[in-house]
1. A:VAL283: out of contact with any strand residue (DSSP E or B) (no Cβ under 6 Å at 6 or more places or on another chain) and either among the polar types (S, T, N, Q) or modelled with pLDDT of 70 or more (or both), yes or no?
2. Report yes if B:THR466 is of a type in the set (Val, Ile, Thr), assigned to a helix (DSSP H, G or I) and more than 25 Å from the chain's Cα centre (by Cα), otherwise no.
3. Being touching a helix residue (DSSP H, G or I) at 6+ places or on another chain (Cβ under 6 Å), assigned by TED's automatic domain parsing to the domain that holds B:PRO151, hydroxyl-bearing (Ser, Thr, Tyr) and farther than 28 Å from B:LYS129 by Cα, is that true of even one residue in the range B:359-370?
4. Every residue in the range B:357-397 that is among the hydrophobic types (A, V, I, L, M, F, W, C) and either within 15 Å of B:TRP51 (Cα to Cα) or crowded, with 20+ Cβ neighbours inside 10 Å (or both), please.
5. Among the residues of the range B:340-356, count how many are of a type in the set (D, E, K, R), assigned to a helix (DSSP H, G or I) and under 23 Å from B:LEU107 (Cα atoms).
6. Select, from A:ALA182, A:ALA205, the only residue that is closer than 30 Å to B:SER40 by Cα and either in contact with a strand residue (DSSP E or B) (Cβ under 6 Å, 6 or more places away or on another chain) or assigned to a helix (DSSP H, G or I) (or both).
7. Please go through (1) over 30 Å from B:LYS504 (Cα atoms); (2) in contact (Cβ under 8 Å) with a residue 24 or more places away in the chain; (3) within 14 Å of another protein chain (Cβ to nearest Cβ); (4) surrounded by 18 or more Cβ atoms within 10 Å (Cβ to Cβ) for B:ALA291 and return the number of the only condition it doesn't satisfy.
8. How many of the residues in the range A:33-62 are aliphatic (A, V, I, L, M), assigned to a loop (DSSP other than H, G, I, E, B) and at pLDDT below 90?
Amino acid sequence: MRIRSSSFSTRAFDAFILLVMLGVLFTCLVPFIYMVALSLSSPKAIINNQVSFWPVGFNIEAYKQIFSYPNFFQAYRNTIFYTVAGTAIALVLTVMFAYPLSKPMLRGHGFITKLVIFSMFFSGGLIPNYLLISSLHLTQKVWAMLIPFAINQFNLIILINFFKSMPAELEEAAIIDGLDYAGILVRIIVPLSTAALATIALYTAVFFWNDWFNGLIYLKSKQFPVMLFLRNIVTGTSMVGDAAGAGDKTSIAISIKSAVIITSTLPIIVLYPFLQRYFVKGVLVGSIKG
Amino acid sequence: MKKVILVCLLALLTAFGSTLVAQGVQESAKGPLKFSMYYSDNATLPFKSDWLTVTEVQKRLNVDVEFEIIPIADYQTKVSLALNTGTNAPDVILYQSTKGENAALALNGAIVPISDYAAWTPHFNAMVKKFGLEDNVNLLRLKDGKRYYMPSLFDVPFYDGGLILREDLLLKYGLSAPKTFDDLYNVLKVFKEKNPGSYPLTILAGPRVLYRMTMPSWGISLGKNGASGTNTLSWDYTAKNFFAGAISDQYKQYVTFFAKLYKEGLLDPEMAEPIDGDRWAQKLATGKSMATYAYYDQIGGVTRTSTIPGFKLQMYPSLAGPAGAHHQPKSKTGAGILFPAATAKRKDFEQIVRAVDEMFFSEENSLMWCLGVEGITYTKQGDKVVFANDILNAPEGIYKSMQIKYGCGSDVTQMIWVNAREMTKYDANYAAINAAVEAIGDVIQAIPPTPMFDDKQAEQAGSLQTPLADAFERWNTAFLTGTKSIDKDWSAYVQEMKNLGIEKFVKIYNDNLQ
């Protein structure tokens, strides 16, 4: 695919872009590599500032310790479930919502779009939301994590515009061939929208993976996602009490914090390369002739 | 046939017995008493449902407690939501007080006024009486004269943190242990001379630990962790009222002293930023700093990681300042237990209150939350407590290993703190320092009283507090680091604080004292 250009300025520009991209890559990777190194180093080496990009005093104690935390795996399973189920529900509902809104011929589509946009900027706030979810009997059920966040306005608008940009001729051809609108959506539109859907799936999956706050307020502790667990370990240890007793003031070792960060972010990072293949341009090239 | 009659008789007897011992929670006829409880979970000692203390207490009382384990960082959010909305609230909430938002919630009926049910909390009442804390507990009442939680109780406050110095260096340079802040200045000066690249005094968690531990020796307590929670006011222990500590001469002297340390490079220049536990340990372990204000149980961790030969940290009693030797004021009551309003609607509310009272405040059970179960975690030789071998030989120390393995000594579940009993969990050195502090006398003063505000006054006080606190923080950092001169700019600072209403703020507080 690469088009070689003999012009010097183009080559120089390519080299420049390559350099910039390498720089970006470097800045993204460095903190991650540092975390990996910390998580595999001995606490002594860390405190004495000897660790840079390679583990010093290699050991896997930190990982052993987090795996021995009660409920760590439970929380991990919960998160995987919320991410997979949440993304699937979000994709189905967003597609079903976006498709009709992409048809200007439908009466009232403008009004509904405005309603959606309104809710992007104004919301009821925490307590009304909680009361709503509670009176829908969703609290303490996994649905409280999945249903309220199924449709993200931003993703919806991306998808509406993507659907709008599809050539109307495709649908006309399908109608002539005897498909109804449901058939068109399932057989023509969705298969041609994998790039947009993959983007949205990624956004949604990352959202569900990172979400801790909704888990905290709506769920019971057995249903908590792993991010809450991570938050507790990384930030929740520096409490200094006012009472007269010896509170707990010891902090958690950096190696454990790093190990928790690695174990809880790695899976979602690994997802990216697998979705890469859906980001293909030009699926529509050649779909309409004449 | 005989068997059937016997069983019937037994059943009758137990039923009869349970009505007779109406107070006894144990004899509930229909299996164990069930209720739910919020527990604030700290990642350094993650809750385990099979902890000896947790299983044993449920067995002793025949209760089935459903613990809701909530990470400490988000505990307040979850509690606030449960109390504000009243839906999905647990029956019991641990680790709470009626400071801040909870006071308003209590006055609006979201929390059970537990002082109305004193007859159901005999164990709590007995402990209050035993420690002589009636007045302290009465001070926890809100504007309507009711108390909304059962606090944890302390007989003698601990000296659990303070000045920590490199003892090996004191010996090496032939210095004696500091007794006053002037001594400290001289010690730091020598440290700096011998190690020019160092900043001898560093501080854990930003300046707030330093401020809260040293300001009382000047007769003030200000800033983010000031004892009164007002940020800019201090309590006059002789006159028994509040004064504008932030613009007092005492504060001027205080900030002058620390600005001098800062200017001469004796104080960590990063102190104005929060120094977290990890970097703090790093500075001490690598010898970049030799003195600090921090907590005793952190010494071990730093010492273990240091590679400096002969490295030894020691904690010292509070140093004397212009107002005597004082540590941060401490309360003899701590966070405790409250009941959301919905619990009072349960038919078995009385049983729940009685069960909770016995679970945490009875003589035997409070002993268990501290030391575990006799024969398993410890044995008694005469009066002396001897811990089991696995605890004695644990590398993390007695206190920590009892927390992690058995759930003893967690400030969420232990409600009764007897200083002498706690000291058995620590080494002789710690007990000796505590004894030395006690010998000085009145080192740890009481926390100033909380005024009884109604909603409107609370609102007014709150709206004055924030801008004053911000201005104080800004000026304090400027004075300390020398960007503002204490001599020249002091009057401008006092004027600004007055413009922001510090005098009115003092008045609201003094007018509403109990």
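1. No: the conditions fail for A:VAL283.
2. Working: of a type in the set (Val, Ile, Thr): yes; assigned to a helix (DSSP H, G or I): yes; more than 25 Å from the chain's Cα centre (by Cα): no.
Judged against the criteria, B:THR466 is not a match.
3. No.
4. Our first condition is that a residue be among the hydrophobic types (A, V, I, L, M, F, W, C); within the range B:357-397, this holds for B:359-361, B:367-371, B:373, B:376, B:385-388, B:391-392, B:394.
Answer for the range B:357-397, where residues must be among the hydrophobic types (A, V, I, L, M, F, W, C) and either within 15 Å of B:TRP51 (Cα to Cα) or crowded, with 20+ Cβ neighbours inside 10 Å (or both): B:MET359, B:PHE360, B:PHE361, B:MET368, B:TRP369, B:CYS370, B:LEU371, B:VAL373, B:ILE376, B:ILE391.
5. Of the residues in the range B:340-356, the ones of a type in the set (D, E, K, R) are B:345-348, B:350, B:354.
Then keep just the ones that are assigned to a helix (DSSP H, G or I); that gives B:345, B:350, B:354.
With under 23 Å from B:LEU107 (Cα atoms) added as a condition, the list becomes B:345, B:350.
Summing the residues that are of a type in the set (D, E, K, R), assigned to a helix (DSSP H, G or I) and under 23 Å from B:LEU107 (Cα atoms) in the range B:340-356 gives 2.
6. Numbers: A:ALA182 fails: closer than 30 Å to B:SER40 by Cα.
Only one candidate qualifies: A:ALA205.
7. Result: B:ALA291 passes all but (3).
8. Here is the first cut: in the range A:33-62, the residues aliphatic (A, V, I, L, M) are A:33, A:35-38, A:40, A:45-47, A:51, A:56, A:60, A:62.
From the residues that got through so far, the ones that are assigned to a loop (DSSP other than H, G, I, E, B) too are A:40, A:51, A:56, A:60.
Checking which are at pLDDT below 90 leaves us with A:51, A:56, A:60.
Within the range A:33-62, residues that are aliphatic (A, V, I, L, M), assigned to a loop (DSSP other than H, G, I, E, B) and at pLDDT below 90 number 3.
The values are calculated or read from the model by the stated rules, or taken from the named source; none is laboratory data. A quick note: this is a predicted structure, and the numbers were derived from the prediction, not measured. Cβ sites come from the backbone with ideal geometry, for glycine too, and all protein chains shown count toward neighbours.
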